[in-house]
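In what follows, a structure is listed as structure tokens, so that the remarks can point back to it.
The values are calculated or read from the model by the stated rules, or taken from the named source; none is laboratory data. Note that the structure is predicted; figures quoted are calculated from it, not measured. Cβ: placed from backbone, ideal geometry, glycine included. Neighbour counts: every protein chain shown.
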Amino acid sequence: MNFVALKMLTGDRGKYLGLIFTVAFSSFLIAHQCSIFAGILDRTRSQIKDITDADLWVMDPHTEYFDEVNALTDNDLYRIRGVSGVKWAVPLFKGNPRAKAPDGKFRVMIMLGLDDATLAGTPRKMILGSAEDLRQPDAAIIDAAGYQRLFPDQPPQLGKTIEMNDHCARLVGICDTSAPFLTAPVLFTRYSQALNYVSRERNLLSFVLVKPEPNVPIPELASGLPKPRAWKR
């Protein structure tokens, strides 16, 4: 019976080759679309994936994803630092200011304001400059793709300036980051400076990055964080 079935399948060479091609092409399309879908989902966590200093992210319990944030209060940071098992906790600001280049070209940025003292969350893959240069006045680091959007057809160069909320930022570094979900440049600066680059609100603390003490289980530490605030790894 198997021999008969094989002869029926391969008896017409044209139909047989067409069947093989159709099955192979359909499998390719399914795998291709799945890879596109997985790639889009991976982009939604790009900034979280790049910041490897902290093991816990503390945020408002109603925050659903990184690009839409409800701010915490400054008191939440101090409450988290007082939890037993927390080695350190630092603020992280996430905002979307509009940056304008000297020639008038502008882009909406994904801006991350890092703790002034520790600079926790600085980019790991620097193309030009150093993350420590963020300690300089008005300093900022931009990703390579964002640099090309603001300064097209120009070679990577440090020292260029951009304007945000009538404040000047000087680019002291160019880094390589994971591609974000939104096609916007990614900018790193100090927390105190980031607050000047956006319109002021009463609460501006987006996240708290937490590092537990050695041998402290993350779920146990997370369960002991102040309520009603929630946490996310």
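From Arg43, Arg13, Arg81, grab the single residue that is surrounded by 13 or more Cβ atoms within 10 Å (Cβ to Cβ) and free of Cβ contacts under 8 Å to residues at least 12 places away in the same chain.
Numbers: Arg43 fails: free of Cβ contacts under 8 Å to residues at least 12 places away in the same chain; Arg13 fails: surrounded by 13 or more Cβ atoms within 10 Å (Cβ to Cβ).
From the options Arg43, Arg13, Arg81, the qualifying one is Arg81.
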If Asp60 satisfies all but one of (1) surrounded by 15 or more Cβ atoms within 10 Å (Cβ to Cβ); (2) within 27 Å of Pro155 (Cβ to Cβ); (3) acidic (Asp, Glu); (4) at pLDDT below 90, what's the number of the condition it fails? (2)
Where Gly113 falls short, out of the listed (1) in a strand (DSSP E or B); (2) more than 25 Å from Pro217 (Cβ to Cβ); (3) over 17 Å from the mean Cα position of the chain (by Cα): (3)
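Could you pull out every one of the strands (runs of 3 or more DSSP E) wholly within segment 130-185 that has 2 or more residues that are within 16 Å of the chain's Cα centre (by Cα) and assigned by TED's automatic domain parsing to the domain that holds Phe106? Can you show your working first?
Numbers: elements: 139-143, 161-164, 167-175.
Those strands (runs of 3 or more DSSP E) span 139-143, 167-175.
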Scan segment 103-115 and give yes if some residue there is more than 30 Å from Cys168 (Cβ to Cβ) and either touching a His at 6+ places or on another chain (Cβ under 9 Å) or in contact (Cβ under 8 Å) with a residue 24 or more places away in the chain (or both), otherwise no. no
With Phe28, Phe93 as the choices, which residue is exposed (fewer than 11 other Cβ atoms within 10 Å of the Cβ) and among the aromatic types (Phe, Trp, Tyr)? Phe28
